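Single-structure report; data block below.
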């Protein structure tokens with residue numbers, strides 16, 4: 001939150017927690033906190049002599065290939081989101097540096113140095129598990145698996161009819177899966193328009209919801225993609241996703257036996273409880289003490305529909321706002337247009353809520 005960002009003691013603690021997560025990782029460096037000179041209003045870190053991550057000329061002058069920095073940065077961000085569950089939510093070029101290492105005998109004579117830990121995000125274990133499944137499904141171009149993972153993450157309500165979305169994702173992977181930004185720019189815009197016409201109603205009709213911290217996750221991944229593309233114009237995020245997803249898949253496979261055993265025990269326990277519960281149910285039916293209610297379905301459905309519309313408005317507002325802030329760095333006009341247009345779904349959501357009252 002904004003209050004946490006201006007509390008430098010809080011930021012210092014975040015910096016040390018982040019450093020501990022990568023203590024044994026040769027790819028990452030974090031400046032140490034000088035605690036005796038740090039207060040709630042002043043944060044003092046060790047000096048960092050480094051190169052801004054997007055300064056290609058300075059990197060090449062130091063003998064560092066920017067194209068090799070991009071996949072390492074992407075991998076480090078993936079690890080924060082999908083493994084550690086504690087991530088830097090503001091990884092723009094001003095907060096990421098490349099620090100050359102004097103010992104040139106190492107395989108990678110540089111480290112990624114992160115600063116500014118005021119905006120950090122946490123991914124709860126359940127959400128992290130869903131995100132891992134989502135990444136694996138995306139890497140394997142599995143439309144049905146991707147939709148299931150989206151539901152696990154909590155973006156779709158459990159009762160949503162996802163058959164149409166599964167078809168849309170399968171079609172999306174079949175046509176555009178594996179393409180980098182450079183390749184997507186070469187696609188005929190009419191193809192995107194046709195896809196939107198075919199599946200737009202399906203996506204808009206689904207009851208989406210936004211889990212806590214999800215906007216920070218979207219922001220972190222958007223900035224990561226932008227930094228990587230600026231380091232290497234032909235950078236394809238899929239090339240970094242696939243090996244990381246393969247690693248996650250191996251880790252997930254190791255938990256299968258444990259999961260099966262747990263489910264078997266749960267099923268056995270439920271089976272043992274079933275006769276007693278059925279007997280109790282029959283007793284209540286015979287005694288006439290089983291209440292049966294008929295809720296006012298139309299009112300409830302209208303309320304749910306209204307809620308879904310407002311959530312959808314919030315999602316569109318957030319997506320346009322984030323897209324505008326990311327694009328603005330390279331295209332000021334387009335970025336400003338996206339940010340201004342984002343106000344429309346926000347106003348609609350506020351107006352619909354006021355009208356209902």
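Could you say whether any residue in the stretch 139-149 is out of contact with any helix residue (DSSP H, G or I) (no Cβ under 6 Å at 6 or more places or on another chain) and free of Cβ contacts under 8 Å to residues at least 24 places away in the same chain?
yes
I'd like the residue in the stretch 26-56 that is without any contact (Cβ under 8 Å) to a residue 24 or more places away in the chain and within 31 Å of the chain's Cα centre (by Cα) and, out of all such residues, is farthest from residue 78 (Cα to Cα). Can you show your working first?
As a first pass, look at the stretch 26-56 and keep what is without any contact (Cβ under 8 Å) to a residue 24 or more places away in the chain: 32-37, 44, 46-47, 55.
Keeping just the survivors that are within 31 Å of the chain's Cα centre (by Cα) gives 32-33, 44, 46, 55.
Values: 32: 23, 33: 25, 44: 28, 46: 26, 55: 23 Å.
In this case the residue turns out to be 44.
Could you tell me which residue of the stretch 209-248 is modelled with the lowest pLDDT, considering only residues that are surrounded by 18 or more Cβ atoms within 10 Å (Cβ to Cβ) and not in a helix (DSSP H, G or I)?
Going through the qualifying residues, I end up with 236.
Kindly list the number of the only condition in (1) at pLDDT 80 or above; (2) in contact with a strand residue (DSSP E or B) (Cβ under 8 Å, 6 or more places away or on another chain); (3) surrounded by 15 or more Cβ atoms within 10 Å (Cβ to Cβ) that fails for residue 129.
For residue 129, the failing item is (2).
Go through the stretch 26-60 and report how many residues are in contact with a strand residue (DSSP E or B) (Cβ under 9 Å, 6 or more places away or on another chain) and outside any helix (DSSP H, G or I).
Residues in the stretch 26-60 being in contact with a strand residue (DSSP E or B) (Cβ under 9 Å, 6 or more places away or on another chain) and outside any helix (DSSP H, G or I): 22 in total.
For residue 78, are the conditions met, namely being free of Cβ contacts under 8 Å to residues at least 60 places away in the same chain and under 28 Å from the mean Cα position of the chain (by Cα)?
Judged against the criteria, residue 78 is not a match.
Name the one entry in 101, 115 that is in contact (Cβ under 8 Å) with a residue 24 or more places away in the chain and assigned by TED's automatic domain parsing to the domain that holds residue 31.
Going through 101, 115 in turn, just one is in contact (Cβ under 8 Å) with a residue 24 or more places away in the chain and assigned by TED's automatic domain parsing to the domain that holds residue 31: 115.
What's the number of the only condition in (1) farther than 23 Å from residue 219 by Cβ; (2) free of Cβ contacts under 8 Å to residues at least 12 places away in the same chain that residue 64 fails to meet?
In the conditions (1) farther than 23 Å from residue 219 by Cβ; (2) free of Cβ contacts under 8 Å to residues at least 12 places away in the same chain, residue 64 misses (2) alone.
The values are calculated or read from the model by the stated rules, or taken from the named source; none is laboratory data. Just so you know, these numbers come straight off a predicted model, no measurement behind them. Here the Cβ is made from the backbone with ideal geometry for all residues, glycine too, and neighbour counts use every protein chain on show.
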